[in-house]
Amino acid sequence: MKKFNHELANALSNASWQHAIDDGVTLVLDLAETDPFYEKKKLKDVLDVLLRRARIINFNEFPIFEKVDGISEETMLLLWSMKEKHNNNSKFKLYLIRYRNNLTQFKYLTCIFMHLIFFHNSGLSFGIDAVMALDGTLLLEEIVQAKEHLRAQYDELFPALSDHNPEVFPPELYTWEQFLWACELWYSNSMKVIFRDGKLRTCLIPIAGFLNHSICPHIMHYGRIDASTNSLKFPLSRPCHSGEQCFLSYGNFSSSHLLTFYGFLPQGDNPYDVIPLDIDVVRNEDPEVGPAPCEWSSHMVRGTWLSKNHEIFHYGLPHPLLDHLRRARNSALQSSTLTRELLQTDLDVLRDLSSTFEAMLENLGDEKIDNGEQTSWDVKLATEFKNLQRRIVSSISTSCNTGCELLESEFAKEDRLLNLNHHHDWLA
């Protein structure tokens, strides 16, 4: 077994400010020797981040926080980050990572705190062109609402803090733009870690924070300090071969969430990408009771290419949605037998759904083509996301239409059989 020891200088680790790393962390990558019976090396243990020693950040240095009602540790960390970003003497400003390449050659990678400014932009930083490119998607509203929430949070703090304590909160450092930067920094780079005392804290972890997300990750279970070794381990859930990028899972998030708070779209088919559908169903009026109230029902529909069953009664669509619409049209229907009444109900349901998703598709407009380097990063992401939404909606619409064709074909077979029986009766 060979070990690559990576010493990292002074890394900020704890959102509560009480357990920041003082002497840095050691990153250990254990690589298995080449087995003569196997052609590829395997990563045995990935990213064993050893927490060496913690120091206490003195809360007394910030007595002003005691005067702010309801301020959370996360908010305090945001305020600290906004100021520390401009501190040239910050112990957290420079990450000097020394690593060995092919066991002989040393290389150095310098990753400064300021460097994150250019690499953690998320959907919260979308410009007006990117926002306009999202027109017709729910993500547009989600980003607007998220920024409005953050803006309200900022306005509760400033300019009041700067007006009363300009020496602690210089107005030029605590602008809305800097607050948004700090939010994006922690949204896109932090991890939730359970410490030995059982408390869950938000952390910035050098190197581990740079691991990318994947729908099919190598690392799935992590985030708890090992009390016996005082380390944060990232065990493999599946093999990671030599030269292969090692991915972990940020969580079961939709592409809209990953874009908004992390600033990227995952590769491959994300099973958590759905089109929400709120259905307003009006029951038949009861003459004795009066008009029936409307009933709202919310459903999530994935891209139908992820479904394995596209036959009659299924159509690649979620069962709860189909059953709800069937009952709304005919509450007496219980059997799944191929009766003409049930088939007609399904045909009506699919036609209604097709109409709904065709309208969504029209609202999304035509697919846009990436113009390469001429397009900004945010417009590229917005365009890619909108094309993804179009693909999902289009698949649902196509499945509805294909289902209609299946049902119409079934009707045609029944009609032919009925005509044949009539013909035989006439001959008899």
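The values are calculated or read from the model by the stated rules, or taken from the named source; none is laboratory data. Only a predicted model underlies this, so the values are computations on that prediction, with no experimental measurement involved. Cβ coordinates were reconstructed from backbone atoms using ideal geometry, including for glycine residues, and neighbour counts include every protein chain displayed. We work out accessible area using only protein heavy atoms, side chains counted, and drop any ligands, DNA or RNA first. Shrake-Rupley method; radii C 1.70, N 1.55, O 1.52, S 1.80 Å.
Answer with yes or no whether C203 is part of a helix (DSSP H, G or I), hydrophobic (A, V, I, L, M, F, W, C) and either out of contact with any Ser or Thr (no Cβ under 8 Å at 6 or more places or on another chain) or open to solvent by less than 40 Å² (accessible area, probe 1.4 Å) (or both). Give the steps one after another, and end with the answer.
Numbers: part of a helix (DSSP H, G or I): no; hydrophobic (A, V, I, L, M, F, W, C): yes; either out of contact with any Ser or Thr (no Cβ under 8 Å at 6 or more places or on another chain) or open to solvent by less than 40 Å² (accessible area, probe 1.4 Å) (or both): yes.
Taking the combined requirement at face value, the residue does not satisfy it.
Would you point out which residue out of E373, E408 is farther than 27 Å from Y272 by Cα, open to solvent by 20 Å² or more (accessible area, probe 1.4 Å), part of a helix (DSSP H, G or I) and free of Cβ contacts under 8 Å to residues at least 60 places away in the same chain?
E373
Look at (1) modelled with pLDDT of 90 or more; (2) more than 30 Å from the chain's Cα centre (by Cα); (3) not hydrophobic (A, V, I, L, M, F, W, C) and you find that P287 fails only one, number (1).
Considering W186, W181, the condition of being at pLDDT 90 or above and part of a helix (DSSP H, G or I) is satisfied by W181 alone. Close Cβ contacts (under 9 Å, 6 or more residues apart or on different chains) running from residues in the range 130-157 that are touching a residue at least 40 places away in the same chain (Cβ under 8 Å) and of a type in the set (V, I, T) to residues that are surrounded by 17 or more Cβ atoms within 10 Å (Cβ to Cβ) and outside any helix (DSSP H, G or I) comprise I143/F126; I143/L134.
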